[in-house]
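Q: Before I ask anything, let me first share the structure, which is written out below as structure tokens.
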Amino acid sequence: MTPDVATGTWIESDVPPRLDALNWSRWHQRVIVALGITWILDGLEASLIANLAPTLERALQLSATEVGYANTTYLVGEVAGALLFGHLTDRLGRKKLFLVTLALYLVATALSGLAWNLAVFLPLRFLAGAGIGGEYSAINSAIDELVPARIRGQIDLAINGSYWIGVALGGGATVALLHASFLPPDAAWRVAFGLGAILGIAILLVRRHVPESPRWLLMHGHVVEAARTCAAIEHEIRASGVAVAEQVAAVRIKVSGTVSLRYLLHVLVRVYPRRTVLGIVLLLSQAFLYNSIFFSYGMILTKFHGISPDDVGLFVLPFAVGNFLGPLWLGKYFDRWGRRVMIPATYFLSGVLLLVTGGLFWAGMLDAVTQTLAWSVVFFVASAAASSAYLTVSELFPVEIRGMAIAVFFAFSTLVGSAAPSLFGAIVDAGKPVQLFGGYALAASLMIGAAIIARWLGVAAEGKSLEALTLAHHDEQARAE
């Protein structure tokens, strides 16, 4: 498709304001389901590995440390996928990439169930992770560019929280399959990996009807196509009985086209340095927290609390419910009370609650049930905090680098956080509660530190259009000076 307008040209367009002025409709709901499934798939994958960890130790003759390696490999795959596909989603468009990345994921996760040893299992986990990592860049970019500004916060948090629907599905499925009398034990865990592939195929068919982001089209000079796509969206919404604004004020936009890595670094380091630090801190701290706790969840229940490997999924369900309800219930306050209030509050509180839970575990005051309840309370808050990190990175950087910016932040935080499963796997192998408390204390301190940074560097993005936010750096610089 040949651009209508040359790169570097300033244009006036009413497309972004028209998208922000739309009332919530069934069209938005369909798009959110088709795209937001990424988080459910990632939750399903993480849940399968966490719940099947004791089973994998037995079936593939792995140690807890080697299961940690498998988790780390999946996370490293997410890093590689985010960087590769993040670049491509800014270059080629959101729609092309969220079809390719989903296809890669579903093939790799299906083949994971056919692995017969660690050497085969690890590369397949890497490829599955690469598909999901690529999804994050394309999907988060598309969602923020299609959702009205006034409700962007609560919608983003709800979508990100849907990760835990996948976790719950994985928990319930593993319990059912591992207890199924018609399946031999060595086949049950293999069938479990096919669930993600089945779900992926269904969503792949739905995604074909999701349009390209009109904002991406504008930035690449496809002005006529952007207006046509926006008009088609409005027509569908109007046909469903929802009113559509007839007149909105146009905004000025510079057609950027595909930008270079040098331009990306310039924007991150020179134009938005405060936002860059904020994004790194928020994503890194939550990645370490989640990778620390969740990927060692099943092993802690079996090693320290004597739970049968076949029953681990039962204890994941309440944990998943707490994680899902947190962003769902707290999300509206990120738009109502603001980012600079809610982000520091949720990060700080989750860190303190984790520190208390770790202390109770060290003191021997928790059994499997109370441990799960304590974790559920911690992550009711922490899940909203983690979701707000992705919201922050997605909404604070320009359209032309949004996919790559998400990829860079996600890759860096995940790469650092990928050490957590191996670290906690080794701690579980050691079997000493005091060492586990030390790991919890480290994760908690990162969250509390992030709360302080978020209060200092946070941006009041609630209710503002993406275009307005990208021009707000002049105010940031003035405040800093």
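Q: Exposure proxy check: Asp20, Asp4 ranked by fewest other beta carbons within 10 Å? Could the numbers behind the result be given before it?
A: On the way: Asp20 21, Asp4 17.
Fewest to most other Cβ atoms nearby, the residues stand as Asp4, Asp20.
Q: What list do you get for Asp310, Asp156, Asp186 if you sort them by fewest beta carbons within 10 Å? It would help to have the intermediate numbers written out before the result.
A: Values: Asp310 17, Asp156 26, Asp186 12.
Fewest-to-most ranking of Asp310, Asp156, Asp186: Asp186, Asp310, Asp156.
Q: For the chain, build the charge dipole from Cβ charges (+1 Lys, Arg; -1 Asp, Glu) around the Cα centre, then report which of Gly36, Phe98, Leu391 sits farthest towards its positive end.
A: The residue sitting most towards the positive pole is Leu391.
Q: Order 196-204, 132-140 from most to least packed using the mean count of other Cβ atoms within 10 Å.
A: On the way: 196-204: 17.8, 132-140: 30.0.
Per-residue mean Cβ counts within 10 Å order the peptides as 132-140, 196-204.
Q: Tell me the mean residue ellipticity at 222 nm calculated for the chain from its helices only (DSSP H runs of n ≥ 4, each -39500 (n - 2.57), averaged over every residue, nearest 500).
A: Details: 21 runs with 371 residues, N = 481.
Result for the chain, helices only: -26000 deg cm²/dmol.
Q: Right, another one. By count of other Cβ within 10 Å, fewest leading, how are Glu234, Glu78 ordered? Please report the intermediate quantities before stating the final value.
A: Values: Glu234 20, Glu78 29.
Final ranking by Cβ density, sparse to dense: Glu234, Glu78.
Q: A follow-up question, please. Report the chymotrypsin sites (Phe, Trp or Tyr not before Pro) located in the range 1-94 that are in a DSSP loop and have at most 15 other Cβ atoms inside 10 Å of their Cβ, or state none.
A: Loop-located and lightly packed - Trp24.
Q: What helices does the chain have that are whole DSSP H segments, at least 30 Å long along their own axis by Cα, and with mean Kyte-Doolittle hydropathy of -0.5 or more?
A: On the way: long enough: 26-59 (47 Å, 0.52); 64-92 (41 Å, 0.44); 118-146 (42 Å, 0.92); 185-207 (35 Å, 1.42); 273-294 (31 Å, 1.01); 312-336 (38 Å, 0.89); 339-362 (34 Å, 1.22); 368-395 (39 Å, 1.12); 433-457 (36 Å, 1.38).
The answer, listed by residue number, is 26-59, 64-92, 118-146, 185-207, 273-294, 312-336, 339-362, 368-395, 433-457.
Q: To the nearest 20 debye, what is the magnitude of the charge dipole of the range 291-367 about its Cα centre, counting +1 on the Cβ of each Lys and Arg and -1 on the Cβ of each Asp and Glu?
A: 480 debye
Q: Identify which of the listed values of Rg and Dmax of the Cα atoms in Å was calculated from the structure shown: [x] 25.5, 83; [y] 22.1, 69; [z] 31.5, 103.
A: [y]
Q: Ok, one more. Enumerate lysine pairs in the chain that are 8 or more residues apart or on different chains, then count those whose Cα atoms are under 26 Å apart. Before the final figure, lay out the partial values.
A: Working: Lys95/Lys254; Lys95/Lys464; Lys96/Lys254; Lys254/Lys464; Lys303/Lys432; Lys332/Lys464.
So the count of such lysine pairs works out to 6.
Q: Given charges of +1 on the Cβ of Lys and Arg and -1 on the Cβ of Asp and Glu, with all other atoms neutral, how large is the dipole of the chain about its Cα centre, in debye to the nearest 20?
A: Around 460 debye, computed over the chain.
Q: Under the rule a/c < 1.5 gives rounded, and otherwise a/b versus b/c splits prolate from oblate, where does the range 298-341 land using the Cα gyration tensor?
A: On the way: a/c = 6.98, a/b = 3.31, b/c = 2.11.
Prolate is the answer for the range 298-341, as a/c is 1.5 or above and a/b outweighs b/c.
Every number in this text was worked out from the coordinates using simple rules, so none of it is lab data. Not measured: the values here are computed from a predicted model. All Cβ positions, even for glycine, are placed from backbone atoms using ideal geometry, and neighbour counts span all protein chains on display.
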